[in-house]
1. Of all strands (runs of 3 or more DSSP E) completely enclosed by the range 1-70, which ones contain at least 1 residues that are hydroxyl-bearing (Ser, Thr, Tyr) and crowded, with 18+ Cβ neighbours inside 10 Å?
2. Of all residues in the range 20-50, how many are small (Gly, Ala, Ser) and under 16 Å from ALA92 (Cα atoms)?
3. Name the pairs: first residue in the range 88-103 and within 18 Å of ALA45 (Cα to Cα), second residue in a loop (DSSP other than H, G, I, E, B) and at pLDDT 75 or above, Cβ to Cβ under 6 Å, at least 6 apart or on different chains?
Amino acid sequence: MSALTVPDMNITDSIALVTGANRGLGREFTRQLLDGGAAAVYATARRIETLEPLRQEFGERVRPLLIDVTDGSTITTASKAARDVTLLINNAGVSTASDIVSGDLDKIRSEMETSFWERSG
C-alpha cells in the first residue's frame, strides 16, 4: 500500500477563518497560517477577549470574531463580517473526561452540542 500524499497548498495571501482560535490547536493553526503567509485570519472564540494575546502577537492580521458554534445567530453575524474568507479551519470543540454511562450528562450534552451538532449558519 502506498503512503497518503497531499499536494502542497498555497496559503499565501489567503484570508482564513479559524474557529476555536483562542487556545490549543486553534491558536496554533492561526499562528502557522500567519507565519506561512496568510494575509489575515479571522480568529474566533465564544469569549472574544480570549483572542487578545493573538491580536497582540500579530496585530491587524488577526481579526477577532465572536462565534459560539452552538449559537446560530453568532455564526450568521460573523459570516456577514467575514465575507472575504478563502480558507476555513473548523476547529472549535470541547472534550469531557466523562463516560456516557456514569458521566455528568450536562457535560456530555455540551460536548455533543459543540463537537457533533454545531450549527453551520
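1. Those strands (runs of 3 or more DSSP E) span 40-45.
2. Qualifying residue count for the region: 6.
3. ASN90/THR19; ASN91/THR19; ASN91/GLY20; ALA92/THR19; ALA92/GLY20; ALA92/VAL69
The values are calculated or read from the model by the stated rules, or taken from the named source; none is laboratory data. Just so it is clear, the model here is predicted, and its values are computed rather than measured. A quick note on method: Cβ atoms are made from the backbone with ideal geometry, for glycine too, and the neighbour counts reach across all protein chains shown.
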